[in-house]
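To start, the structure itself, in structure tokens.
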């Protein structure tokens, strides 16, 4: 025998499977977004209240300046203005809720204008009837509701119609502004995500390229049966790879990290080329904590060695000068041009560096290369902060 509880649970499960979406277990229809759509920001409520209360005070000021134009007692006048302000405050809040998803713009324009006109006529009729009741109320019953309507007259219907349109336009202007700001923020977030994605792709492209060149250097030592330098080169390579892993997905690192990484890379290259490679490294005025793009110097040093005279059997002299220029950092890497240099193209390292600098700084950077006499010079300049 199955227990009554098991039978009930089975029936409940079947009902849950057959129950239409948006209906709870008691058969009541759920509206998860209903209460959310009725929420009005406090700032909007405050602005609406201040506007209509300010309007009432403006009328009070006008009455004080021209008392002959307002012959009703002060108490009646203030009560009437307060009740009218309350009507339009409520109307403004309802308009804010209604036009949140029904803007009078774009594809909805042709449909929204007749709808808003009809709503404005309905609101003006309600206001006219409401105003008759207000005049009856503030008179203490001395006037009937019909007499209040007669006093209000058709001009109040026109006033109600125009004010209703004014409220609708104000609500739409607010929602248009909110949507515009949301789209701008979404665009900025998307642009940031795209920039980060590009940088990750550039990093993924550069790091295997760097590792390939470093392993080539070690392989050259092994082929020459230079065991001790090869072992030391493997140790330095492990140090370099550890440094790459330390930065993770960061775009920039402090200058002291980049400096140490570059010196280790230079030492690795000197193990391969020995006295045939002479690197002069000068730093002038760059704070140790200044943020610089990771792997900034490595592709420039590699490019200098590649364009040098090593292939001609001559000594390659590479000069590196990093210095601060106000709020910017400038890097210059130069080498003597060999007789049979590599083709003058940016190559993977330099094109990758240019793409990374553009993703980080937009157009506020410089990356150039030129031949000055017998020297090939690559210069990079960028802001000292990101």
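What follows draws every value from the coordinates through simple rules; no lab data is involved. Note that the coordinates shown come from a computational prediction; the quantities given were computed from them, not determined experimentally. Cβ: placed from backbone, ideal geometry, glycine included. Neighbour counts: every protein chain shown.
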(request) Run through all the Cα pairs of region 94-180 and give the fraction in each 10 Å bin from 0, expressed as whole percent. (result) 18, 38, 24, 15, 5, 0
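How much length is gained if the chain between residue 51 and residue 108 is pulled fully straight, taking 0.36 nm per residue apart and subtracting their Cα-Cα distance, in nm to one decimal?
Working: separation 57, 0.36 × 57 = 20.52 nm, distance 2.81 nm.
This chain segment gains 17.7 nm when fully extended.
If you take the beta carbon distance between residue 181 and residue 231 as r and set R0 to 45 Å, what does 1/(1 + (r/R0)^6) give as a FRET efficiency, to the nearest 0.05? Kindly include the intermediate steps, with their values, before the conclusion.
On the way: r = 61 Å, r/R0 = 1.34.
Given R0 = 45 Å and the Cβ-Cβ separation, E is 0.15.
In square nanometres, what is the average projected area of the Cα convex hull of region 226-383? Numbers along the way, then the final one.
Working: hull surface 38.1 nm².
Mean projected area for region 226-383: 9.5 nm², to one decimal.
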(request) Report the full-extension gain for the segment residue 39 to residue 145: residue separation times 0.36 nm, less the Cα-Cα distance, to one decimal in nm. (result) 34.7 nm
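At R0 = 51 Å, how high is the FRET efficiency between residue 327 and residue 137 if r is their beta carbon distance? Nearest 0.05 is fine. If you can, show how the numbers build up before the last one.
Working: r = 69 Å, r/R0 = 1.35.
The value I calculate is 0.15.
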(message) Relative contact order for region 226-383: what percent, with Cα pairs under 8 Å and sequence separation of 6 or more?
(response) 19
(request) For region 112-147 and region 271-322, write down the distance between their C-alpha centroids in whole Å. (result) 84
